[in-house]
Amino acid sequence: MDIQQLYTTYRPLMFSIAYRMLGLVQDAEDVVQDVFVTLQQNQDISAAHLKAYLCKMVANRCINELKSARRTRARYTGPWLPEPLVERVEHHPERAMELRDDLAYAFLVLLQILGPSERAVFILRETLDFSFDEISGIVDKTAVNCRKLYSRAKQKIASQQLEEGLKLPYQPDHPHVAQAFSQAFLAGDLNHLMTLLSDGVVFVSDGGGKVKAAINPIYGKARVLALLDFSMKFNSDRKLSFTSVVNSHEGFILYREQKLTAVYSFAYTADGKAISRIFSVMNPDKLIISGVRAASS
């Protein structure tokens, strides 16, 4: 069994499951590495069952990770947001194209409302198109139970969609709106920003208690604009780049003294005319671009 060849073949699938499940890049990488170490020690798996075996190993490890992470996240300072996958378009144009079919950040945030088993079944079915029989073998539940978990997960997602007015699970990209927001932010144009936000816009920031950030979501256009006005003034000396891809969609990133300090992602109203959610990740432990983690500011 050629472990290196298997790693090359199956790593993208395994990482896609682990990252969607955990929302953390390094943790997902650790799970994938751990599974391949286990595979290397147990090479009796037949080629016909290898894919299912690897997916099962990844899913089970992620479910265990999520269960053990509950207490840690309960003590987390402020909102917990997934770690964004950021690529600089000008540095990796081919990677940017590959990411077009990846998972939107807004959807990754929404997955956090699902329990570990619900999330595993939903991801395997909805985003990776596994059959319920295949999922049954991966998560050690009957196909009937998997269908129930999937149905329950879809109901939760649909309810949240309705409440937040989002068109999900596959959030359409509206790069012109995101770019307009970035340009207005860079120019300090509060009036232009006002035209880009929905009345019910919500701003969610994740500083993890390591940098200054709102410890609660900010609701409503007036309050979000006030926060953005403060942020634009505070960041007036920062370099802004909006030529970035965040989980397959247009976003922008902030630097100070050549250190990545924030990644912004967006969700939109169902008609795509306005921004309904702004997600700002500022926790330095979650800031990574092109394989290089940001330093703490």
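The values are calculated or read from the model by the stated rules, or taken from the named source; none is laboratory data. Keep in mind it's a predicted model, so treat the numbers as computed, not measured. Note that we place each Cβ from the backbone using ideal geometry, even for glycine, and neighbour counts take in every protein chain shown.
Please state which one of Glu118, Glu83, Glu65 is of a type outside the set (Phe, Trp, Tyr), within 16 Å of Met21 (Cβ to Cβ), in a loop (DSSP other than H, G, I, E, B) and modelled with pLDDT of 85 or more.
Glu83
Of the residues that sit in the stretch 117-133 and are in contact with a Lys or Arg (Cβ under 9 Å, 6 or more places away or on another chain) and in contact (Cβ under 8 Å) with a residue 60 or more places away in the chain, which one is farthest from Lys56 (Cα to Cα)?
Taking the candidates together, the pick is Thr127.
Looking only at the stretch 86-115, filter to residues that are surrounded by fewer than 18 Cβ atoms within 10 Å (Cβ to Cβ) and modelled with pLDDT of 90 or more; which one of those is nearest to Val245 (Cα to Cα)?
This residue is Gln112.
Would you check if Lys141 is modelled with pLDDT of 90 or more, basic (Lys, Arg) and assigned to a helix (DSSP H, G or I)?
Answer is no for this residue.
Consider Lys239 carefully, then state whether it is modelled with pLDDT of 80 or more and of a type in the set (D, E, K, R).
no
Quick one: what pairs do we get from the stretch 41-70, first residue more than 26 Å from Arg119 (Cα to Cα), second of a type in the set (A, V, I, L, M, F, W, C) and surrounded by fewer than 17 Cβ atoms within 10 Å (Cβ to Cβ), C-beta under 7 Å, 6+ apart or different chains?
Pairs that qualify, where the first residue is more than 26 Å from Arg119 (Cα to Cα) and the partner is of a type in the set (A, V, I, L, M, F, W, C) and surrounded by fewer than 17 Cβ atoms within 10 Å (Cβ to Cβ), are Gln43/Met1.
Restricting to the stretch 174-199, give me the number of residues that are of a type in the set (Gly, Ala, Ser) and either in contact with a strand residue (DSSP E or B) (Cβ under 7 Å, 6 or more places away or on another chain) or outside the structural domain of Gly251 (by TED's automatic domain parsing) (or both).
Total meeting the criteria: 3.
So for the stretch 1-23 (the condition being in contact (Cβ under 8 Å) with a residue 12 or more places away in the chain, over 20 Å from Ser117 (Cα atoms) and outside any helix (DSSP H, G or I)), does at least one residue qualify?
yes
Of the residues Asp34, Asp44, only one is among the acidic types (Asp, Glu), over 18 Å from the mean Cα position of the chain (by Cα), over 27 Å from Leu111 (Cβ atoms) and not assigned by TED's automatic domain parsing to the domain that holds Pro284; which?
Asp44
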